[in-house]
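Working notes, beginning with the structure itself.
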Amino acid sequence: MDPEKADLDSSCLNNGSSQVLYGEFTGTRKVRYALSLTETDLTVQKIPSQNKVVFSLKDCVGCRAHIGEDTAEYLFTAYFYPLKKRWMSSGGSRQRVELCYRVSGVQDQCANLAEAEKWARVIRERAIRQQLLRKGLMFSELQRPCRVMLLVNPQSGNGQALTLYNSHVQRMLHEAGVPHTLVITERQNHARELAREADLSQWDALVIMSGDGLLFEVINGLLERADWEEAIRTPLGILPGGSGNALAASIHHYSGAVQVFGEELLVSCGFLLCKGLVSPMDLASVHLSSSLRVFSFLSLAWGFVADVDVESEKYRHVGSARFTVGTLVRLASLRVYQGRLAYLPAAHKEEDKEGGLLGKHTIPNKPSSFCPASLGCQPSQDSPLHTFHNSCNSNNSLKVRRTDGTPSRNANKALTGPPDSLLSPLDQPVPSDWVVVQEENFVLMLAMSQSHLAEDLMAAPGSTPDEGVIHLFYVRAGISRTALLRLFLAMEKGNHLTNNCQHLTYVRVRALRLEPHSTKGVITVDGEVVEYGPVQAQVHRGMARLITGWP
């Protein structure tokens, strides 16, 4: 790609940083270019033209030195994913820019190789350095070569996960120098078994390319291990390949980028994955009436939202649009759900920062914005790529949801994972400092740990992945179909908390309990059906580690 034609954000322009390297090289079209590398940018100028294009090293995922395919010349190639502005709209999406230059300054090929390797190394190092200091905070980094197990569910969404892997993800990981082993899941709970039984010393990160259900399996598999305390610290990555893609949309949102969908979201999440910054992520332990416990990274839902999630399975072939269709169908026959809801309110936001409940509980009446997470981790040096595929052919069928909520291990075994100090047994009253909701007729209850419930549903726009709270929403009975539809339409942009819906209540909590009174219903955890009955949950702050690509 001719850098003169690159449509880049004007914020990338060089502001006079000191020059680190300068050289003149031949591009892919036998055109000479002058390259100037500073601590923050790579400036490319066609010779003898005065036109320059400046590439921010924040947008660089990798650079490598290599020999040309058609010649014996040595080259270095840098890979950038700058934001490209949309025509007639705000914001933008990331586009791939490959900059390749031949080094042929002298006859000595060893000297040319050394020059190519020097440029590749220094560009990588400066790109990494852009991640090290953000807002005065130092971040650790994933070691390179970072050995990644990449789990792909080929049946997720509309069955395009493997195609998207081949067209985007494999190339991006190669460009970033991330060797990975591709594992194609073959059945339900396959990922759970792998996470529970794998030798994690062989892996620096586990990356899931699917919907949110596969990550639910991996997290619960890690927490079923005898060494769960160490296992759950394994960095986890997510690439959108399913219908909902809620966590992927949340990670994109946390990066500060404007909302995107489909392959644009995949490229954004792939870019953030390649950058390698790691943030702590809250998990919620969810107790079911049978004394089983599962762990959630995303949501606990009852009523309208849970029904839509389950009933829209029949529309899976249309991808993420299944939720829109399911919402319209369920609105046509709106239900009321009876039950009792109670919760432990979170402290003031200032007290949350200290990690504990330091004063009197308060219940906010209005939505508030929260500070972004303050911990991350970032990529290191480039390394050769070796991609391995498992030898078996996948015969995955569409995921059949478990209606009994039972994990794949014996319920009589001792529970692993952290203790839940905020919860009383389900057969005992809630503690005295909890709030019991007076209403018992609801349309929905939704407890969120991330910002998004789906690609196009921003349920908790002010959330961050490690704030130690659960965002609790409930809608009381009496809301009209029109008002409920308006609420979900506003949720597409995260504006539902400001539209003054009288039936919607939103509170930040640390624990909650739901006791359904209706004899029939559906409860989901991270979109997976669990057994119907009393359920309670509490948050565990920063328990897992999530590759977010942002500080």
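None of the figures in this text is laboratory data; all of them are computed from the coordinates on show. These figures come from a predicted structure and were not determined experimentally. Quick reminder, even Gly has a Cβ in these numbers, built from the backbone with ideal geometry, and neighbours come from all protein chains shown.
For this structure, a couple of remarks:
- Violating pairs (Cα-Cα greater than 27 angstrom) within the set 84/493; 30/118; 85/118; 30/85: 85/118; 30/85
- Taking every alpha-carbon pair within the stretch 177-295, the share separated by more than 22 Å comes to 37 percent.
- Evaluating kT/(6 pi eta Rh) at 20 °C and 1.002 mPa s, with the Kirkwood radius of the stretch 437-492 over Cα pairs in the Stokes-Einstein relation, gives 173 µm² s⁻¹.
- Förster radius 60 Å - calculated FRET efficiency between residue 291 and residue 117, Cβ distance, rounded to 0.05: 0.50
- FRET efficiency, 1/(1 + (r/R0)^6) with R0 45 Å, evaluated for residue 160 and residue 71 via beta carbons: 0.75
- Placing unit charges on the Cβ atoms only, positive for Lys and Arg and negative for Asp and Glu, gives the stretch 452-551 a dipole magnitude near 360 debye about its Cα centre.
- R0 of 45 Å, Cβ-Cβ distance residue 495-residue 107: FRET efficiency to nearest 0.05: 0.10
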